[in-house]
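Colleague: One structure follows; several queries about it will come next.
All of the numbers you see were taken from the coordinates with simple rules; none came from a lab. None of these values were measured; they are calculated from a predicted model. Cβ placement follows ideal geometry from the backbone for every residue including glycine, while neighbour counts extend to all protein chains displayed.
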Amino acid sequence: MSEVGQAPPAHPAGALAGPRVTRSRRSPLWAGTVAAATAAAVVVLAILPYLAYQNVTNLLDEVFYLMVMASMWNLLAGYAGLVSVGQQAFIGLGAYAVIIPALHGANAFAALPLSVVVAAAAGVIAWWLVSRLRTGYFAITTWVIATVCELVISRYQSLGGGTGVLLPLPTSISPTLLGAYIYWIALFVLIAGIATVYLILRSRTGLALTALRDDETAAHSVGARVGRTQRMVFVVAAGGCGAAGAVYMLTQAQFLQPSSAFSVEWSAKIIFITIIGGIGSIEGPILGTIVYVALEQALASYGTWYFIILGLVAMGVALWAPRGLWGLIADRFGIRLFPVGYHVWLPGEDGRARRRR
């Protein structure tokens with residue numbers, strides 16, 4: 001105890017300061033570097049049709065729409081806790097939302113925004129059917145909805161019935177220029193999709209989604225609007241998958257069949273991508289898509305072995321890297337390209353002693 005009149009003991013600098021809350025555990029310089037690198041990558045991708053052969057841009061078209069699909073499924077399952085195996089319903093509806101106006105004389109490119117509107121509207125209706133379901137019941141019901149959509153589309157002979165229909169594209173544009181236009185559309189859809197996910201997770205809705213991911217009951221107890229948040233995410237994911245479906249139709253399947261547009265293989269692909277990349281992170285589906293397409297290109301000629309190796313990769317990641325490949329990278333190097341969480345810095349902590357929240 002200090003004597004009367006004696007000055008109180010000095011406190012270490014910052015000891016009386018309260019905890020700080022930041023978005024990232026790294027300095028603002030790191031965030032600026034990541035932003036600059038991202039902008040540079042977008043610029044390079046935008047001018048790529050002038051620098052590379054069309055087979056390269058065609059491959060990137062596939063990468064882009066798979067990234068969007070996986071990002072939407074990750075938003076739905078990795079954050080809102082809604083595991084769907086029926087996102088192919090919205091992928092197919094998005095594709096047909098472009099084909100139908102084109103068959104009636106409209107420009108296919110001008111009809112692209114309609115794919116988002118139609119898929120999102122279908123998402124509102126589908127949510128009304130599945131909103132009270134969870135776990136396996138939710139997953140199976142979304143699959144049933146996708147199957148019903150396929151059967152309904154197959155009944156319309158004006159859409160080719162079950163045999164499919166050819167998308168009419170402008171004939172006045174050269175094939176090279178047409179391929180470049182489709183590539184730029186795919187790139188735009190990718191940027192818009194990832195930006196939408198990022199902005200949602202950075203908003204107050206993102207806080208509710210974080211609570212939902214941890215425990216839905218606890219999220220209710222702290223006042224999170226669980227039903228409204230899940231509905232919004234479900235509709236956004238439906239619209240995003242619709243846009244990706246339209247891009248798929250333009251790039252890979254200008255002749256479209258209901259069996260391919262509404263195939264459950266879409267769900268298998270995007271679940272595989274998200275699991276190996278890392279569920280519950282924006283970076284996970286991006287990395288997972290790159291790995292998946294690389295495996296596809298390297299192993300597609302091996303027939304059945306292709307699927308066996310994909311299965312082995314999925315099992316290996318599930319056993320030894322439950323948070324996916326990006327989880328390993330993030331834990332090892334402390335990297336977050338898209339910081340959407342919060343980090344609490346206690347008084348006196350430095351960069352080596354920190355607690356994540």
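Colleague: Nearest 10 degrees, 0 to 90: what angle lies between the long axis of helix 324-333 and the longest principal axis of the chain (Cα atoms)?
Modeller: The angle comes out at about 30 degrees.
Colleague: Can you sort CYS241, CYS149 so the residue with the fewest Cβ neighbours within 10 Å comes first?
Modeller: Exposure proxy ranking, most exposed first: CYS149, CYS241.
Colleague: While we're looking at this one, here's another question. Full-extension gain between VAL43 and ALA268, please, as 0.36 nm times their residue separation minus the C-alpha to C-alpha distance.
Modeller: Taking 0.36 nm per residue and subtracting the Cα distance, the gain is 77.8 nm.
Colleague: Helix-only mean residue ellipticity at 222 nm, the chain, DSSP H runs n ≥ 4 weighted -39,500 (n - 2.57), per residue, nearest 500. What is it?
Modeller: Rounded to the nearest 500, it is -21000 deg cm²/dmol.
Colleague: Could you tell me which residue out of GLY78, ALA121, PRO258 lies farthest along the dipole of the chain toward its positive end? Charges go on the beta carbon: Lys and Arg +1, Asp and Glu -1, centred on the Cα centre.
Modeller: The residue sitting most towards the positive pole is GLY78.
Colleague: Sort MET249, MET72, MET232, MET315 so that the residue with the fewest other Cβ atoms within 10 Å of its own Cβ comes first and the one with the most comes last.
Modeller: MET315, MET232, MET249, MET72
Colleague: Follow-up. Between 0 and 90 degrees, rounded to the nearest ten: what's the tilt of helix 135-154 against the longest Cα principal axis of the chain?
Modeller: Value to nearest ten degrees: 30.
Colleague: Also, quick follow-up: Find how much the distance from LEU295 to THR163 grows on full extension, using 0.36 nm per residue of separation minus their present alpha carbon separation; answer in nm with one decimal.
Modeller: Answer, rounded to one decimal: 44.5 nm.
Colleague: Multiply the residue separation of ASP331 and MET315 by 0.36 nm, subtract the distance between their alpha-carbon atoms, and state the gained length in nm to one decimal.
Modeller: 3.7 nm
Colleague: From the P(r) of segment 24-341, could you give the percentage of C-alpha pairs in the tail past 33 Å?
Modeller: 24 percent
Colleague: Return a whole-number percent for the relative contact order of the chain, with Cα pairs under 8 Å and 6 or more residues apart as the contact set.
Modeller: Over the chain, the number comes to 30 percent.
Colleague: Let me ask something else. Size of the dipole of the chain about the Cα centre, Lys and Arg at +1 and Asp and Glu at -1 on the beta carbon, nothing else charged, in debye to 20?
Modeller: 880 debye
Colleague: Sorted by mean Cβ packing within 10 Å, highest first, what order do the peptides 114-126, 50-62 take?
Modeller: Taking the mean over residues of other Cβ atoms within 10 Å, the ranking is 114-126, 50-62.
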